[in-house]
1. Taking the beta-carbon count within 10 Å as an exposure proxy, list Val94, Val388, Val381 from fewest neighbours to most.
2. Among Phe282, Ala182, Leu77, which residue has its Cα furthest toward the positive end of the charge dipole of the chain, with +1 on Lys/Arg Cβ and -1 on Asp/Glu Cβ?
3. Work out how much length Leu120 to Asp79 would gain on full extension: take 0.36 nm times their residue separation and subtract the Cα-Cα distance, in nm to one decimal.
4. Taking the radius of gyration and the Kirkwood hydrodynamic radius from Cα positions alone, what is the Rg/Rh ratio for the range 46-122, to two decimal places?
5. Could you work out [θ]222 nm for the chain from helices alone, using -39500 (n - 2.57) per DSSP H run of at least four and dividing by all its residues? Round to the nearest 500 deg cm²/dmol.
6. With charges only on Cβ, +1 for K and R and -1 for D and E, what is the dipole size of the range 228-282 about its Cα centre, in debye, rounded to 20?
7. Would you mind ranking Thr272, Thr293 by Cβ crowding within 10 Å, fewest neighbours first?
8. If the range 276-404 were replaced by its equivalent ellipsoid, with semi-axes equal to the square roots of 5 times the Cα gyration tensor eigenvalues, what would those be, largest first, whole Å?
Amino acid sequence: MNYEIKCFECGSMIHDGFLDSCPRCGGLLTIDMDLGEMEGKDPRELRQRPMGVWRYAPFLPVEERNAISLLEGGTPLYDCRALGKEIGVKRLHVKYEGANPTGSFKDRGMTVGVSRAVELGCKVVGCASTGNTSASLAAYAAKAGLGCVVLLPSGKVALGKLAQAMFYGAKVISVDGNFDEALSVVRELAKEGHLYLLNSINPFRPEGQKSVAFEIVDQLDFEVPDVIALPVGNAANIWAVYKALTEWMSVGWIDRMPRLIGVQATGSNPITAAFRLERKDFEAVEHPETVATAIRIGNPASGKKALKAIYDTDGCATDVTDEEILSAQKLLGRREGVGVEPASAASVAGVLKLRAEGEISGSDQVVCICTGNLLKDPDTVIKNAGEVLRSEASAAAVKRLIGG
Ligand code: F0G
């Protein structure tokens with residue numbers, strides 16, 4: 001497996017494995033995989049390997065024998081007929097990333113990112129996070145025996161995620177500021193050599209996250225859906241999905257790209273705003289706010305990559321209100337039995353909205369990536385799920401409550 005680290009913006013080759021931006025132009029970094037060996041191969045050969053991120057090892061820039069793994073990936077692709085009918089699309093699937101080891105898609109990037117940290121001989125890893133990245137990094141750092149420091153925006157991290165980061169033994173630091181501010185602090189610490197940065201501006205993270213797109217196509221038996229919708233926060237995941245599919249196009253494993261649809265919350269919508277103005281770059285939202293705290297991000301580090309992914313696939317970006325997010329979350333739970341956190345429900349809310357606007361057609365085959373588990377944010381669930389009925393301990397009293 002051969003690869004080069006390059007600047008996404010000016011194309012410079014990067015030789016220092018510890019950089020998280022281009023020394024020449026300050027641009028984002030990306031990884032160019034040499035996939036010559038895969039050309040012309042039968043993709044179904046990979047099925048001899050177990051489901052999961054490492055099934056796709058030939059597309060990953062870390063040697064599999066060095067993998068720090070918790071058996072991430074291999075998540076269900078649910079055929080959601082009832083929900084599809086309600087939304088008015090022919091076929092709707094939900095890729096349920098809540099089934100990953102720490103309950104979110106972040107594990108896909110972290111297995112590759114932490115393996116890379118070990119290859120580089122790092123002793124301490126760190127990140128800023130709206131919650132899921134910290135939960136995932138803390139677990140993989142524990143598995144690898146590394147120190148771990150996570151910076152969280154104070155008061156805005158869902159309970160389950162905070163519990164996870166604390167539980168796996170990370171040094172958890174609550175920063176007086178939002179995610180964007182915490183990210184700039186941790187980047188400074190990384191630059192000074194205090195830790196190895198494992199936010200998704202580290203180009204090894206999206207490499208692992210590519211596997212969600214590989215799996216979707218693999219699970220659909222190499223049929224390419226018309227649309228893949230996913231929530232956008234710091235904006236690396238939509239780029240990872242795009243990169244994965246362009247790589248499979250390049251080796252001839254698929255022959256067309258799906259439209260990629262990025263969904264944001266209206267209070268944190270810099271990519272959507274840029275898309276509406278047909279811009280290739282975005283302006284930061286200064287005070288991002290949304291119930292979907294995972295994507296409460298105003299200055300997405302990988303925003304330019306996300307916009308490229310959207311424009312190149314003739315996709316789009318849209319935003320949904322907190323009410324739309326909570327209502328889609330509930331709909332997915334009650335029609336399909338699938339529990340996702342609010343940010344993840346944004347993808348479903350976005351598809352609902354775009355179908356109503358005619359941007360998605362009724363004959364489209366749509367996949368929503370639902371990025372995190374319902375139990376990540378129990379407070380929001382309890383606040384919005386109705387009431388618990390109280391009863392004395394007698395069958396008669398309970399019968400009165402259940403109506404017969
Ligand atoms: N969905 C969930 C559940 C997330 O936790 C995140 C990001 C996203 C979607 C957006 O993905 O950033 O690649 O566009 N969470 C990060 C974190 C920021 O710190 O856990 P993205």
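Every number here is computed from the coordinates shown, using simple stated rules; none is lab data. No experiment lies behind these values; they were computed from the predicted model shown. Every residue, glycine among them, receives a Cβ derived from its backbone with ideal geometry; neighbour counts consider all protein chains shown.
1. Fewest-to-most Cβ neighbours within 10 Å comes out as Val388, Val381, Val94.
2. Toward the positive end, the furthest listed residue is Leu77.
3. 10.7 nm
4. That ratio is 1.12, to two decimals.
5. Result for the chain: -11000 deg cm²/dmol, rounded to the nearest 500.
6. Here the range 228-282 has a charge dipole of around 120 debye.
7. The order, fewest Cβ neighbours first, is Thr272, Thr293.
8. They are 37, 18, 11 Å, listed from largest to smallest.
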